[in-house]
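Nothing in this text is a laboratory measurement; each read-out follows from the coordinates by a stated rule. On a predicted model such as this, the values are computed, not experimentally measured, just so you know. We place every Cβ from the backbone using ideal geometry, glycine too, and count neighbours over all the protein chains shown.
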Amino acid sequence: MASETSLKEFLSGPFSFTGRPEPVAGDLRMSWGIAILLLSLLGSRGNKGSFQKLQFLAHAVRIVEGRDDVRALLQGKLRTSDISVRVEPWLNRAVSYAHALKLISVDRGKSVSLTDKGVEIANAIAHDTEMLSEERAFLFEVAPKLTEGLVTKIWRMEDLL
């Protein structure tokens, strides 16, 4: 019975808790995801892009190697089949939130475009020199050059045939 007594003392004793910040991966932060989405669209022709293009950019922008691979592809140093393609679940959440916030419009589930409010917010993000500098530089360099035809070719890995 001594163990029951010590357990009661332990459970009834003083208790304190100090909250500590816990690192969260960027792709789980909606503020990061929405910012990347808005910058991707701002950098694209007509402030719009297909889901395929946005998924491709969302995957490539995450890490330095992905950004370097896309640059090499656009310079002709890599083939479309050499590029990694992945669907990023965080992008769908970012699209949902951005749509609810009226920052984007979704056209028949195929393409996404910035609203006037979205352009305003995207420009504010783009002009903040301390925020997302590498991602912004990559997206503004690559997004205008990334045509829908090239994106389709990448997703289908057409040069394998």
>> Taking 8 Å as the Cα distance limit and 6 or more residues as the minimum spacing, I'd like the relative contact order of the chain as a percentage.
In response: 32 percent
>> Using DSSP to call loops (not H, G, I, E or B), can you name the trypsin sites (Lys or Arg not before Pro) in segment 95-127 whose Cβ has at most 15 other Cβ atoms within 10 angstrom?
In response: 102, 108, 110
>> Exceeding 24 Å between C-alpha atoms, which entries from my cross-link table qualify? They are 102/153; 77/145; 53/102; 48/102.
In response: 102/153
>> Assuming 0.36 nm per residue, please report the length gained on full extension of the stretch residue 29 to residue 45 beyond their Cα-Cα distance.
In response: 3.1 nm
>> Using the Cα atoms of segment 26-160, I'd like the radius of gyration and the largest Cα-Cα distance, Dmax, both in angstrom.
In response: 13.9, 42
> How far is helix 51-61 tilted, in degrees, relative to the longest principal axis of the Cα atoms in the chain, given as a value from 0 to 90 rounded to the nearest 10?
Replying inline: 60 degrees
